[in-house]
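Notes to accompany the following structure.
Bear in mind that the values in this text are calculations on the coordinates, not laboratory data. Predicted model, so just to flag it, every value in this text is computed and none were measured. Reconstructed Cβ throughout: ideal geometry from the backbone, glycine too, with neighbour counts over all protein chains shown.
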Amino acid sequence: MHAVTTLLIIDNHESIRQALAQRLNRVPGIQVVGTAGDGAAGLAQARAACPDVVLLEPKLPDGQGLDVLRAIRAEQPGARVIVLTSYLDDFERRVALKAGAERYLLKDIDSEKLADVILCRRSFAMKLPRLTDIMSREPAIVGPNDTLRVAIDRMRTRNCRRLPVVDGDRLVGIVSDRDVRLALNSPFIMRERREDEALLDRVLVAECMTPNPVCLTADTPVVEAARLMRDRKFGGLPVVEGERLIGIVTETDLLDCFIKLCSE
């Protein structure tokens, strides 16, 4: 890395390219060495200038944004590519991060934070671990044909409130203690205790689980996992690789991560 961090900006909006170049050129330690408005021009400038950092808008008019990302990472593995885009596209984000993008940011980020990311200044956000570093591996699971008694006993044994439902190697649902309570405690039907006990042995997990649950992947940033759980009021989410369960992230995992970061 040079004493000055050289920067290439690839964005299809000329006004945005110019504004970014002007703002970032004023930051000590950053030198904008080029701007480009499409994938072909951007890749040509990257090859000519060999910048330390590339700011890339993947939604280019020629549709080559992600191809440019892959090419730069293949030809210049030392270059850091930061995606800077107008709006969040979750599929695009996953593909970009898998292709080697260092960050996936939105253009409403303020100049100081963007400069911090470009210059690799240490910040709380940049110290965040990967999702696979904080998730609970080998979580307790149940099958769709297990009874509710099996599910509730497993929750008590493992001291957890939700269980991924797995059929073979495939995640098919998630069942929580709330799902079990709703199945047993209907407000419209009065039952005796022994009837609830019978239901525990008769009702199957598949009948009260949430099928096709919202899932995270190994490359989901921790902050996005936390935001999703907060916004959707999820207490935990399974982490998958394809359809295979590889772990679960819970509120406790996120709090443990926060405590560790604040203690360093």
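Once the chain from Asp169 to Lys59 is taken as fully extended at 0.36 nm per residue, the excess over their C-alpha distance is 36.0 nm.
Ranking of Tyr104, Tyr87 by neighbouring Cβ atoms within 10 Å, starting from the fewest: Tyr87, Tyr104. Using Cα positions and a limit of under 20 Å, work out the aspartates and glutamates in reach of Lys260, with same-chain residues fewer than 8 apart set aside. Of all the aspartates and glutamates, those that pass the test against Lys260 - Cα under 20 Å, at least 8 places apart if same chain - are Asp133, Glu224, Glu251.
The angle between the Cα long axis of helix 193-202 and the longest principal axis of the Cα atoms of the chain comes to about 60 degrees, rounded to the nearest 10. Between helix 222-232 and the chain there is an angle of about 50 degrees, using the helix long axis and the longest principal axis of the Cα atoms. Sequence-distant contacts, meaning Cα pairs under 8 Å at least 6 residues apart, place the relative contact order of the chain at 14 percent. Counting other Cβ atoms within 10 Å as a rough exposure proxy, the listed residues Asp201, Asp219 run Asp201, Asp219 from fewest neighbours to most. GNM, the chain, Cα, under 10 Å: largest mean-square fluctuation among Ile174, Ile16, Ile134? Looking only at Ile174, Ile16, Ile134, the largest GNM fluctuation is found for Ile16. Judged by the ratio a/c of the largest to the smallest principal axis of the C-alpha gyration tensor, the chain counts as prolate, that ratio being 1.5 or greater while a/b is larger than b/c. Please say if the range 5-122 is rounded, prolate or oblate, where rounded means a/c under 1.5 for a ≥ b ≥ c the square roots of the C-alpha gyration tensor eigenvalues, and otherwise the choice is prolate for a/b larger than b/c and oblate otherwise? In terms of gyration-tensor shape, rounded. Note on the range 133-263: along the principal axes its Cα atoms extend 50, 31, 26 Å, ordered by decreasing extent.
Once you have a ≥ b ≥ c as the square roots of the Cα gyration tensor eigenvalues for the range 1-51, tell me rounded if a/c is under 1.5, and otherwise prolate or oblate according to whether a/b is larger than b/c. It comes out oblate by the Cα gyration axes. The C-alpha atoms of the chain define a longest principal axis, and helix 39-49 lies at about 60 degrees to it.
Here the gap between Asp110 and Asn159, fully extended at 0.36 nm per residue and compared with their Cα-Cα distance, gives a gain of 13.4 nm.
Phi angles of the range 246-253 translate, via the Karplus equation with coefficients 6.51, -1.76, 1.60 and θ = phi - 60°, into HN-Hα couplings of 10, x, 9, 10, 10, 4, 5, 4 Hz per residue; Gly and Pro are given as x.
Only helical runs count toward this figure. For the chain, summing -39,500 (n - 2.57) over DSSP H runs of n ≥ 4 and dividing by all residues gives -12000 deg cm²/dmol at 222 nm.
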